[in-house]
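**Student:** Can you keep this structure in mind? I'll have questions shortly.
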Amino acid sequence: MERNRVAPDPGAPAPPAGQGRGAWREFGARLRHWRRRAGLTQAQLGAGIGYDHTAVSKIEHGARRVTPRVADRIDRLLGAGGELSAACLRAETAELCGPDSLSLSPALLRPPLPGLAPAEPVLTAPAPARLPDYGLLCPLHGAEGCAVPAAAELAGLHAEFCAPEALADPAAARPLDAATAHALTGLLAAHLRSGETGGRPGLAAAVERTLHAVLARLAGAPAAQRAPLARLAAEHAHAAGALRMQDGRNATAMACYDRALTWSGLAGDLATQVGTLSDLGVLARMDGDPAAALGFAREIDRVAPGRHWAGAMGRISRARAHALTGDVRATVRQIGLARAHLDHIGAADEADVPWLSIASMRMRVESAAAAALRDLAAAGDDPRLARRALSATETALGLLGPSQLPSSRLLFIVRAADCLVCAHDPRGAVELLGPALEAMPAVALPALVEYELRGVRDRLAAHAPHAAHRLAELVRT
């Protein structure tokens, strides 16, 4: 049996001072909690992983690090559900961003797309007055409520940050100051709001252009600047992916999301990690790949264990994946678990995502629950499930303010119409869709809205061919 043990690592270095040491102390505290919960002594735990009790004591006091392989073994042994594995990864990230870290691997600094994007377009949405906004926190001050510079100053700060001479010699460029950090984040929020209705050519390219400038600075940034720049890189890559997905460019979106996961991990940015994994699940579902969608959903639990807001996102993503396979029992169970997580969101969750209100989280869960139940209803021709889906859609619509997120409102209306078709009420679907069709913009619709419209079109064709023909004119394929 001895050969199955994890080999001792007597030469494992002590964690570095500063940020890395604090993260290993957090890992040690979590390890102590789970060891005591399992009813094990330090000697008993050490025997289970091939360490002596003094080594376990040093780990619990943050005086010694462990490898991810050892952390995974301990996690399984104590039944920590991924919490210790995730804490180990956070500690390693803190070391990477700490003062003793001299350089980053070139592989971590590759942009999603090579080359520089063209000049950015004129925005149709103004930058916010303050942060947080559109789910974006200040990379330097978190949720403190930072003021965003006025439009003229914002443009100048952004131009200076992205200037060719700054990109040519990032070491000589001015360090990221508070005003520039606020300007870049405010401008990104404005880009996302401009893209809310779709059909904004060049927005994704503009975001990627800024991302190139962030990565150029990150390469040689001092330790104190590395984490905020990594957070800016993660937020810009995630935003670029979202805008590319809205444009129906899923392969490019996938590349952006892949980079967003890397940089959000470096920055310890759980909100961007979870949001990116959720969006990757959307891409998998659009490709008809439930196994991949379920994998992304499970990864949410791994990167953010014990967080109820993330638990809700992970469970509802699982529900959507199970619905693609027609598994009614698993889908309904995951919806129930997602709603249960909402009832337990507290102070710890608000520290992770202070911009995310209970109402907005409930809207996300109910919207996804509606889509999952609608998928089941359509696959099994089950009007009962369709009516439950319609109720969830109406709840989501009720939680969305009249002037908030116009593309989300359109998506929910289209989904509600689809629920009516699945409930064998095509007339009600046409009556609901009529005003929405008349109000639809002439520009290209966001890809998710088109995806929903295709489903309504196909299911409506047998009952209301004229309405189905009108929908066919609005979707790309």
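**Student:** Identify all residues within the range 441-463 that are out of contact with any Asp or Glu (no Cβ under 9 Å at 6 or more places or on another chain), modelled with pLDDT under 80 and crowded, with 18+ Cβ neighbours inside 10 Å; write none if there are none.
**Tutor:** Matches in the range 441-463: LEU445 only.
**Student:** Here is a check on your reading of the model: is ALA129 touching a strand residue (DSSP E or B) at 6+ places or on another chain (Cβ under 9 Å), more than 19 Å from VAL207 (Cβ to Cβ) and modelled with pLDDT of 90 or more?
**Tutor:** Yes; evaluated as a whole, the condition is true for this residue.
**Student:** Moving on. Considering only the range 316-330, state which residues are touching an Asp or Glu at 6+ places or on another chain (Cβ under 9 Å) and either surrounded by fewer than 24 Cβ atoms within 10 Å (Cβ to Cβ) or not in a helix (DSSP H, G or I) (or both).
**Tutor:** Hits for the range 316-330 are LEU324, GLY326, VAL328.
**Student:** Just name the residue that is farthest from ALA396 (Cα to Cα) out of those in the range 334-371 that are touching a residue at least 12 places away in the same chain (Cβ under 8 Å) and charged (D, E, K, R).
**Tutor:** Of everything passing the filter in the range 334-371, ASP352 is farthest from ALA396 (Cα to Cα).
**Student:** Among (1) under 26 Å from LEU31 (Cβ atoms); (2) modelled with pLDDT of 95 or more, there is one condition VAL303 misses while meeting the rest; what is its number?
**Tutor:** Exception for VAL303: condition (2).
**Student:** Right, here's the next one. Given the residues ARG302, ARG329, which is the only one that is farther than 26 Å from ALA230 by Cα and of a type outside the set (A, V, I, L, M)?
**Tutor:** Checking each option against the conditions leaves just ARG329.
**Student:** For the range 341-350, check the following and say yes or no: at least one residue is out of contact with any Phe, Trp or Tyr (no Cβ under 7 Å at 6 or more places or on another chain) and closer than 29 Å to LEU211 by Cα.
**Tutor:** yes
**Student:** Of the residues that make up the range 185-194, is at least one among the hydroxyl-bearing types (Ser, Thr, Tyr), part of a helix (DSSP H, G or I) and buried (at least 24 other Cβ atoms within 10 Å of the Cβ)?
**Tutor:** Looking for residues that are among the hydroxyl-bearing types (Ser, Thr, Tyr), part of a helix (DSSP H, G or I) and buried (at least 24 other Cβ atoms within 10 Å of the Cβ), one finds at least one in the range 185-194, hence yes.
**Student:** A further question follows. Take residues that are β-branched (Val, Ile, Thr) and tell me which of the helices (runs of 4 or more DSSP H) falling wholly in the range 207-304 contain 1 or more.
**Tutor:** Where helices (runs of 4 or more DSSP H) fall fully within the range 207-304 and carry at least 1 residues being β-branched (Val, Ile, Thr), they are 250-267, 270-286, 290-303.
**Student:** Does ALA271 satisfy being of a type in the set (A, V, I, L, M), modelled with pLDDT under 95 and closer than 25 Å to LEU243 by Cα?
**Tutor:** yes
**Student:** Which of the residues spanning the range 140-162 are in a helix (DSSP H, G or I), within 19 Å of ALA216 (Cα to Cα) and in contact (Cβ under 8 Å) with a residue 24 or more places away in the chain?
**Tutor:** Scanning the range 140-162 gives LEU157, HIS158, PHE161.
**Student:** Mind listing just one residue for me: the one in the range 142-166 that is modelled with pLDDT under 90 and either of a type in the set (Ser, Thr, Tyr) or within 26 Å of TYR257 (Cβ to Cβ) (or both) and, of those, surrounded by the most Cβ atoms within 10 Å (Cβ to Cβ)?
**Tutor:** If we take residues in the range 142-166 being modelled with pLDDT under 90 and either of a type in the set (Ser, Thr, Tyr) or within 26 Å of TYR257 (Cβ to Cβ) (or both), then CYS162 is surrounded by the most Cβ atoms within 10 Å (Cβ to Cβ).
**Student:** If I ask for residues that are hydrophobic (A, V, I, L, M, F, W, C) and at pLDDT 80 or above, which ones from the range 424-440 would you list?
**Tutor:** Scanning the range 424-440 gives ALA429, VAL430, LEU432, LEU433.
**Student:** Ok, one more. Go through the range 37-55 and count every residue that is without any contact (Cβ under 8 Å) to a residue 24 or more places away in the chain, closer than 23 Å to PRO305 by Cα and in a helix (DSSP H, G or I).
**Tutor:** Qualifying residue count for the region: 0.
**Student:** Among the residues of the range 170-184, is there at least one that is in contact with an Asp or Glu (Cβ under 6 Å, 6 or more places away or on another chain) and in a helix (DSSP H, G or I)?
**Tutor:** The answer is no, given that none of the residues of the range 170-184 is in contact with an Asp or Glu (Cβ under 6 Å, 6 or more places away or on another chain) and in a helix (DSSP H, G or I).
**Student:** Sticking with this one: Among (1) in contact with an Asp or Glu (Cβ under 8 Å, 6 or more places away or on another chain); (2) crowded, with 19+ Cβ neighbours inside 10 Å; (3) modelled with pLDDT under 90, which single condition is PRO68 missing?
**Tutor:** Condition (2) is where PRO68 drops out.
**Student:** Somewhere in the range 163-183, is a residue closer than 23 Å to VAL353 by Cβ, touching a Pro at 6+ places or on another chain (Cβ under 6 Å) and in contact (Cβ under 8 Å) with a residue 60 or more places away in the chain?
**Tutor:** Taking every residue of the range 163-183 in turn, none turns out to be closer than 23 Å to VAL353 by Cβ, touching a Pro at 6+ places or on another chain (Cβ under 6 Å) and in contact (Cβ under 8 Å) with a residue 60 or more places away in the chain.
The values are calculated or read from the model by the stated rules, or taken from the named source; none is laboratory data. The model shown is predicted, which means the values in this text are computed figures rather than measured ones. Every residue, glycine as well, gets a Cβ built from its backbone with ideal geometry; the counts of neighbours run over all protein chains shown.
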